[in-house]
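FYI, it's all coordinate maths here, none of it is from the lab. The structure presented is a predicted model; accordingly, all values stated were derived computationally and were not measured. Positions of Cβ are generated from backbone atoms using ideal geometry, with glycine treated the same way; all protein chains shown enter the neighbour counts.
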Amino acid sequence: MIYLDIAVFALADADWQLALDPYIDFANYQLASFDMRLNVFPARPSIPTGIPLVGEVWDPPPDFGLHMRPGDVRTAAGVVLPTGHGMPVIFCRIHQPRDGLTTYQEDTVANRGVPWLNYVLLQQHVLSRDRSALLHEIIHAANYQGNIDPWGNRLLHDSARDSIMRMGDTYPTDPPVFMAERHAAALRTAYFARYA
Ligand SMILES: [Zn+2]
């Protein structure tokens, strides 16, 4: 069995109740085929670790102004929980209309130059229609390489529309999504994967 350790946080104005359990259930259902499972801290039904910040997180941020960036909430997560419990997953108000995002270590703008290991933000008060947002972002955080959508040296997404790593909005004609062996291969090498 491989445990994927994640530590869930929520900003003070972020609703996580709507999505957290459905996201965990969907992820564990998909992961079970590959002998993997999420290990969530704090374990449910305990509530996520609170971060005493409010307001929108911008990625990318505008050129001017004091807008919160992903790195700001990541830094705050390290203050409220100094001991690592796995890859941070932070519910917050993401300014852009998206279900979640992964911030990569090399994203110096988002991280204000701090080389945080990859981490995930989830949109508060949104439950993505296919319930895949958490697992999708976790696979990004495992440095998965798809076949479309270049960003730096990465190809972020899959062209296959039934892939959990499909890109962008879902369309009414889209099929359900599934996790495949190539996604599991990335997860096995993730810094938050633990063999037990
Ligand atoms: Zn994505």
- Residue hits (region 172-196; within 16 Å of the ligand (Cβ to nearest atom), more than 21 Å from residue 105 (Cα to Cα) and without any contact (Cβ under 8 Å) to a residue 60 or more places away in the chain) are 174, 177, 180, 182
- In region 57-66, is there at least one residue being aliphatic (A, V, I, L, M) and either over 18 Å from residue 11 (Cα atoms) or over 15 Å from the mean Cα position of the chain (by Cα) (or both)? yes
- Could you say whether any residue in region 9-17 is over 16 Å from residue 138 (Cβ atoms) and in contact with a helix residue (DSSP H, G or I) (Cβ under 8 Å, 6 or more places away or on another chain)? yes
- Query: Which residue out of 36, 87 is out of contact with any Ser or Thr (no Cβ under 6 Å at 6 or more places or on another chain), surrounded by 21 or more Cβ atoms within 10 Å (Cβ to Cβ) and closer than 28 Å to residue 177 by Cα?
  - Reply: 87
- Query: Hey, among the residues in region 112-161 that are in contact with a Lys or Arg (Cβ under 7 Å, 6 or more places away or on another chain) and within 11 Å of the ligand (Cβ to nearest atom), which one's nearest to residue 59 (Cα to Cα)?
  - Reply: 157
